[in-house]
Structure formats: C-alpha cells, structure tokens
Amino acid sequence: MQGIREGFAIYKKNFIFIFKHPFTLIPFLLALGASIFAGIYVNSVFDLDSLSIVQLLGLVYLLTIVSTFSISVASLFILELLEQHETTGKMRPLKALADMLTKDLWRALPIIIVWSIIDFIITLILAVFSALRKNKNGRTTRPAGPLERAVRILQTTVRMGMMVIFTVIAWDDKGPKASFDEGMKVYKNSLATMLTGVGVSEITAIILIVPLILVQLLSKFVYIPIDIFLPATYIYLAVSWSIGKLIEQLYVSELYLWNIHYEKALENNENITSIYDVRKPSFTDNSFDLLDQ
C-alpha cells in the first residue's frame, strides 16, 4: 500500500511541476506533430488500397519508428532539462538540446530500435482486436474487452520502462546495456510504485478526455460554431496527449532519482530496510538532488 500511496504522491507533484514549467510540454507537442505529419505524408503519397500486406506492414513500422523516435528525442531533451534543474536550479533549453544530440541520442538508438519493434508488434495486435470489434460496415459493435485493455496497459508499461532507461542514459552517461540493467533495478526496488505509475497513467488519460466528452454533450444543447469547436478539440487533444507523456517521463525520472538516493544510502550502511525508508526527492522542491549523486 505504501508503494501505491507514494505513486499517487509523485503524480500530484508532477502536475505541479508542469503548472510551474508549461514550456516543458513543447517537446512532446513537437513529437506529436512529427507523427501526425508522417501519417499525413504516407496517406497522401501512397495508395494504401493497392499495397501488399508486406508493404502495408512496412509503412506501419515506419510510422511506429517515427513515433517512438520522436517521443524518445522529446524524453531525452526533457531529461537534460531536469538534470540542469536538479543540479543548478535553472533550465537552459539550448544546452539541453546540444547535450541530447551529442551525448544521449546515439547511445539511446539501440533502445529506440528495440522499442519500435516491440511497439510495432503491440500495434498489430491492437489492430487485430479493433478489427474483430467491427462489423461489415466498419462500425465498432462493442467496447474493448479485458484482453485488449491488458495489451494497451502493456504498451504503456513498455513505454514507461523505456523512459526509465532513457533516464539512466541521460543522467549517468551509460551505454544501452548498462542503462537497461540499471533501469530494471527500478522495477525491482519499487515495483508497486512503478506499476501504480502505469495504472495512474491510464486513469490520467481517461480524466483528460472527460472535459471533451462534456463539451460534446453540451454542443447538443448549445450551438458551438464548427470552426471554433474543431480547432479547439484538436488543440485540447494534442495538449492532453503531451501532458500524459510528460507526466510519464517525470514520474519514472523521479522514481529513478529516488532509487539513486536509496542505493547511496545502502552504500553508506544507513539503517534502512527498503526504498521507502529513504527521503523521496521531488522536482518541485528546492533541493538539488542530482548535485552530489
């Protein structure tokens, strides 16, 4: 239960961080823009109905790697900003961009490729589930079943796991294999808190959609001009998606920072029995938690 409580506490503080630093949403907004542009380009250049199964799979993988690569770049950039924030108290975007491009990205490439393959497989499985829920006219006949929802949760779990590995790459300057091993320690040391993060991420996505549903219901009774409603809807969806991804990155990064403090306490032979005996760092306090790590 303590791990679950700590997980919710971290999420609450992450929302506060975003409120204080809203510009940190920009990298994920750009990542979403890259994926949308790639989708529009593919749809306009290729005649999808005339392509073979192999060609269609190739395009799906291309779009998947654009998505995973753009999210990865956004995550690494945010991580460099967080490292500055936790060592100097300031965030310099240009330096973060330079460090991300010269130090982090090349080490993260193997992880990004592995992630794109896993996400590609999950995307295909979800596509099959979606097709099975549609009738001959292409209309969805029933909501997603428990197995499909489980696969979606797996997709979130994998994504947040990759974000842990990116944190190690950016903050500890380690290679992909060492970063993977270190990232797995986070799951081992604080499994309940990590899984809480996955669950709350799914809940957050639902909560962020609620205002949009309410507006749509309101539009049945109050006239809302379409030239205002559609752009506002797209903007809201883009910001909501970006908030969700930034929250995930902040969550796992703070959890990894907590694990750093835990391992340091073990090295110093402090009287602790678990990670929950160690002070939990936060991106919203005035402590420079990476300065002496």
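The values are calculated or read from the model by the stated rules, or taken from the named source; none is laboratory data. All of these numbers come straight from a predicted model, not from anything done at the bench. So basically every Cβ, Gly included, is an ideal-geometry build from the backbone, and we count neighbours across all protein chains shown.
Tell me the residue from A74, A34 that is under 23 Å from V239 (Cβ atoms), in contact (Cβ under 8 Å) with a residue 40 or more places away in the chain and assigned to a helix (DSSP H, G or I), please. Break it down stepwise before answering.
Details: A34 fails: in contact (Cβ under 8 Å) with a residue 40 or more places away in the chain.
It is A74.
Taken over segment 102-118, residues that are among the aromatic types (F, W, Y) and either surrounded by 14 or more Cβ atoms within 10 Å (Cβ to Cβ) or under 24 Å from V60 (Cβ atoms) (or both) amount to 1. The residues in segment 225-263 that are among the charged types (D, E, K, R) and either farther than 15 Å from I275 by Cα or in contact with a strand residue (DSSP E or B) (Cβ under 7 Å, 6 or more places away or on another chain) (or both) can be counted, and the count is 3.
To keep it simple, each residue is scored yes or no on (1) over 13 Å from the mean Cα position of the chain (by Cα); (2) closer than 30 Å to A96 by Cα; (3) modelled with pLDDT of 80 or more.
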position: A170; (1), (2), (3): yes, yes, yes
position: D181; (1), (2), (3): yes, yes, yes
position: L195; (1), (2), (3): yes, yes, no
position: V198; (1), (2), (3): no, yes, no
position: V210; (1), (2), (3): yes, no, yes
position: I224; (1), (2), (3): yes, no, no
position: F229; (1), (2), (3): yes, no, no
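Just name the residue that is farthest from G175 (Cα to Cα) out of those in segment 48-71 that are in contact (Cβ under 8 Å) with a residue 12 or more places away in the chain and hydroxyl-bearing (S, T, Y). Per the criteria, the residue is Y61. When restricted to residues that are in contact with a Phe, Trp or Tyr (Cβ under 9 Å, 6 or more places away or on another chain) and either surrounded by fewer than 15 Cβ atoms within 10 Å (Cβ to Cβ) or not in a helix (DSSP H, G or I) (or both), segment 79-100 contains 5. On the stretch given as segment 260-278, residues that are closer than 14 Å to E86 by Cβ and touching a helix residue (DSSP H, G or I) at 6+ places or on another chain (Cβ under 8 Å) total 0.
Annotation for segment 141-151: at least one member residue is surrounded by 15 or more Cβ atoms within 10 Å (Cβ to Cβ) and either among the β-branched types (V, I, T) or modelled with pLDDT of 90 or more (or both).
Within the bounds of segment 33-41, is there any residue that is loosely packed, with under 15 Cβ neighbours inside 10 Å and in contact with a Gly (Cβ under 9 Å, 6 or more places away or on another chain)? Break it down into steps so the answer makes sense when it comes.
So in segment 33-41, the residues loosely packed, with under 15 Cβ neighbours inside 10 Å come out as 33, 36-37, 39-41.
Filter once more, keeping what is in contact with a Gly (Cβ under 9 Å, 6 or more places away or on another chain): none.
Scanning segment 33-41 turns up no residue that is loosely packed, with under 15 Cβ neighbours inside 10 Å and in contact with a Gly (Cβ under 9 Å, 6 or more places away or on another chain).
Considered as a group, the residues in segment 234-293 that are assigned to a loop (DSSP other than H, G, I, E, B) and under 21 Å from the mean Cα position of the chain (by Cα) include one that is modelled with the highest pLDDT, and that residue is F283. Check segment 58-74 and report whether any residue there is within 30 Å of S274 (Cβ to Cβ) and not aromatic (F, W, Y). No, segment 58-74 contains no residue that is within 30 Å of S274 (Cβ to Cβ) and not aromatic (F, W, Y).
For segment 109-132, the count of residues that are modelled with pLDDT of 95 or more, out of contact with any helix residue (DSSP H, G or I) (no Cβ under 7 Å at 6 or more places or on another chain) and within 18 Å of T167 (Cβ to Cβ) is at least one.
Would you confirm whether or not segment 83-97 contains a residue that is more than 18 Å from the chain's Cα centre (by Cα), more than 23 Å from Y256 (Cα to Cα) and without any contact (Cβ under 8 Å) to a residue 24 or more places away in the chain? Yes, the conditions are met somewhere in segment 83-97. For segment 223-245, the candidate set comprises residues that are in contact with a Leu (Cβ under 8 Å, 6 or more places away or on another chain) and among the β-branched types (V, I, T); within that set, the residue that is nearest to Q155 (Cα to Cα) is I243.
Take the conditions modelled with pLDDT of 90 or more and either in a loop (DSSP other than H, G, I, E, B) or crowded, with 18+ Cβ neighbours inside 10 Å (or both) and apply them to F69. Does it pass? In short, yes.
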